[in-house]
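Q: Take a look at this one; I'll ask things after.
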Amino acid sequence: MEQEQHLQLDTPSQPRRRTLLNRIWALIALLAFVELGWLSSSLLRARKSRYDRRQGSRYVDAGRVESFKAGDVKAIPEALLFLACLEDNRFIALSRTCTHLGCALSWDTAEDKFVCPCHGSTFDRAGVVLTSPALRPLDFYPVRIEDGQIRIDVSNSQRRESFDASQTTTV
Amino acid sequence: MTIKIRPHHSPIRGFIFHLHPRKVVAETIRFTLSFGLGGMAATLFLVLVLTGVLQLLSYSSDSTEAYQSIIDMYAAPSLAGFIRNVHHWAGNLLVLVSVLHLLRVYLTGAADRTRRLNWLIGCTLLVLVLGANFTGYLLPWDQLAFWAVTIFTNMVGYVPLAGVQISELLRGSAEVGPATLENFFAIHVGLIPPFIVVLLVYHFWLIRKSGGLVRSRDSGQRPVMVAAVPTLVAREAAVGFGLCALLLLFSALVDAPLTDIANPGASPNPAKAAWYFMGLQELLLHLHPTFAIFIVPLLMFLLLASLPFIRQAGLEPGLWCGGGRGRWTAAISFLTGMGGAAILVVVDELAFKNSGAPPVLTPWLSRGMVPLLILVIALGLVYRLLRSKNFPPSQSLMAVVLLCAGMVCGLTVIGIWFRGPGMMLGFSF
């Protein structure tokens, strides 16, 4: 009889208290993982803001208004962007980065469009998609015109889903 | 006080018996059961740790110096270039060996209920290996690295909801730049390796706990046992040292690739992701980005991870592909998957993508839901067909899994070797 009781205690089903403790341990381990993930992502974010601040609000001079005529597209390699003068003499500053997978675009003067060397996406002068695989228009930068001098805020690239006139600037 | 040294308990032997039991089942040590793939992966990991630590002495992770530090590695009296070669080739080989190891475990029926946890750990390890490879890819800071990482971080940006945030977090800024290099260096040398070590130890321990490698069902007789030392250990040493010898020889003859220094102003044409992500990049040329980058890979990974949890999915243990006609089923499914992917790519390229006809449906439907549904229905029909031909459920599911694996393989091959400038179809050897 005594032996039987002993056997019962040794059965594989653990006492409830121990199961509970094990679960608490697992929960603590899980929490530690979540914390580690949160910690690393917050450190990464801190670094990102440091880099962003270093660049600050940075303006690049893109030349005088008079030097552009309607339809001109000028590459500004030091800021990795293009300044386009649209048909109605409004200016738009376009990121040089293809919205498909980030390759560097070039302006095809003969065909009047931006062409991506990687996957063949094309964009018109205002950065709107002509042929996919790209789905989104090119990112743009705010442009300011002060006394006929065109200045581009290169620290502030903006995503957009479609083109409208508010993205452009005129004299 | 005297210390007794027992001759049979040398430290090395003691360590070996932490990994292995004294006696192992004779049939589990035959080479054609495992091809030593798990052991090869472990060997490669050790080589990677050693060469990685050595490279810390010659590499600089500052974006202004990184490229030059690689060039300097190949300067005359230094062995650093050779060590970089070993590290590069071992890392690439590890991706291949890990994938083969995963297929081996599934096809020999080892992914059963008793090894569920170890299967999940193995899947996690595969993700970590890919992460380690991908973060290491950027470190040379050459054109190849720069644009491959640009393309991949942009691919991550298509993940719904958090994609853009995750990819900016990885890059450390809006575009790939000095911050990206610092991030990737820290992740590559500091974050991923410890996780791999911990999971590897757990992985090994769970194998021993499940009674070693998978073996065929009990035939009533007691299995033949052999001593782990020397029989098993000698075989492991042969595979490990043989692999190391081939790796060192190859690295002495073939340099790891290094192109021009990274130039954010000009992408090479074509710009490709790392080879193990070329299947994804190929898919991206055909499907809506959300599907190509997120939904399809996620579904495939979930199917893979859930294999030991599906009832009746376990293949006959200890045999390849369930035995009998299973091997033929496996080979035909895999080749059909590869060929099917190639045909689909060519048909899409010729008939639909460049036809110029306006799309009938929104891209989300025509290049997302519709192809996905067709694929799922086709795979379901394959399963039904095999079941009606009296194939057991496990082999029918194996055919579906290997069809998917074949398609992934086919897309990867097309992406690597059949995409030329402008990502046009053609030879690019």
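Q: Just checking, does region B:113-127 include any residue being touching a helix residue (DSSP H, G or I) at 6+ places or on another chain (Cβ under 7 Å), modelled with pLDDT under 90 and more than 19 Å from residue B:277 (Cβ to Cβ)?
A: yes
Q: Within region B:267-302, work out how many residues are part of a helix (DSSP H, G or I) and within 15 Å of residue B:413 (Cβ to Cβ).
A: Of the residues in that region, 9 qualify.
Q: Looking at region A:126-171 only, could you name the residues that are away from every other protein chain (no Cβ under 14 Å), free of Cβ contacts under 8 Å to residues at least 12 places away in the same chain and not in a loop (DSSP other than H, G, I, E, B)?
A: Hits for region A:126-171 are A:146, A:166.
Q: Looking at B:315, B:397, B:402 in this structure, which one is touching a Phe, Trp or Tyr at 6+ places or on another chain (Cβ under 8 Å), of a type outside the set (Lys, Arg) and assigned to a loop (DSSP other than H, G, I, E, B)?
A: B:315
Q: Considering only region B:145-152, I want to know if a residue exists there that is closer than 19 Å to residue B:277 by Cβ, within 9 Å of another protein chain (Cβ to nearest Cβ), assigned to a helix (DSSP H, G or I) and touching a Gly at 6+ places or on another chain (Cβ under 8 Å).
A: yes
Q: Let me ask something else. When both residues are 6+ apart or on different chains and their Cβ atoms are under 7 Å apart, which pairs have a first residue that lies in region B:247-271 and is touching a residue at least 12 places away in the same chain (Cβ under 8 Å), and a second that is of a type in the set (Val, Ile, Thr) and buried (at least 19 other Cβ atoms within 10 Å of the Cβ)?
A: Matching pairs, first to second residue: B:247/B:47; B:247/B:86; B:248/B:86; B:251/B:86; B:258/B:70; B:271/B:151.
Q: Just wondering, is there one or more residues in region B:316-336 that are modelled with pLDDT of 95 or more, in the same structural domain as residue B:278 (by TED's automatic domain parsing) and over 21 Å from residue B:105 (Cα atoms)?
A: yes
Q: Here's another thing I want to ask about it. Hey, among the residues in region A:100-112 that are more than 7 Å from chain B (Cβ to nearest Cβ) and buried (at least 17 other Cβ atoms within 10 Å of the Cβ), which one's farthest from residue B:175 (Cα to Cα)?
A: A:107
Q: Continuing with the same structure: How many residues are in contact (Cβ under 8 Å) with a residue 12 or more places away in the chain, surrounded by fewer than 24 Cβ atoms within 10 Å (Cβ to Cβ) and of a type in the set (Val, Ile, Thr) when one looks only at region B:154-176?
A: Selection size over region B:154-176: 2.
Q: Evaluate the following for residue B:264: is it assigned to a loop (DSSP other than H, G, I, E, B) and closer than 24 Å to residue A:116 by Cβ?
A: Here the answer is yes, as residue B:264 does meet what is asked.
Q: Take residue A:71 and tell me if it is touching a residue at least 24 places away in the same chain (Cβ under 8 Å) and not in a strand (DSSP E or B).
A: Yes.
Q: Next question, about the same structure. Given the conditions (1) modelled with pLDDT of 75 or more; (2) hydrophobic (A, V, I, L, M, F, W, C); (3) in a helix (DSSP H, G or I), report the number of the one that residue A:7 does not fulfil.
A: Among (1) modelled with pLDDT of 75 or more; (2) hydrophobic (A, V, I, L, M, F, W, C); (3) in a helix (DSSP H, G or I), residue A:7 violates only (1).
Q: OK, next. Mind checking which residues of region B:267-309 are among the β-branched types (Val, Ile, Thr) and either on the phi > 0 side of the Ramachandran plot or within 11 Å of chain A (Cβ to nearest Cβ) (or both)?
A: B:290, B:293 - these are the residues of region B:267-309 that are among the β-branched types (Val, Ile, Thr) and either on the phi > 0 side of the Ramachandran plot or within 11 Å of chain A (Cβ to nearest Cβ) (or both).
Q: State which residue is nearest to the other protein chains (Cβ to nearest Cβ) when the search covers only region B:162-185 and only residues that are more than 26 Å from residue B:294 (Cβ to Cβ) and under 26 Å from the mean Cα position of the chain (by Cα).
A: The qualifying residue nearest to the other protein chains (Cβ to nearest Cβ) is B:182.
Q: Right, next: If I go through region A:87-123 residue by residue, how many of them are in contact with a Lys or Arg (Cβ under 6 Å, 6 or more places away or on another chain) and in a loop (DSSP other than H, G, I, E, B)?
A: Number of matching residues: 2.
The values are calculated or read from the model by the stated rules, or taken from the named source; none is laboratory data. None of these values were measured; they are calculated from a predicted model. All Cβ positions, glycine included, derive from the backbone under ideal geometry; neighbour counts span all protein chains shown.
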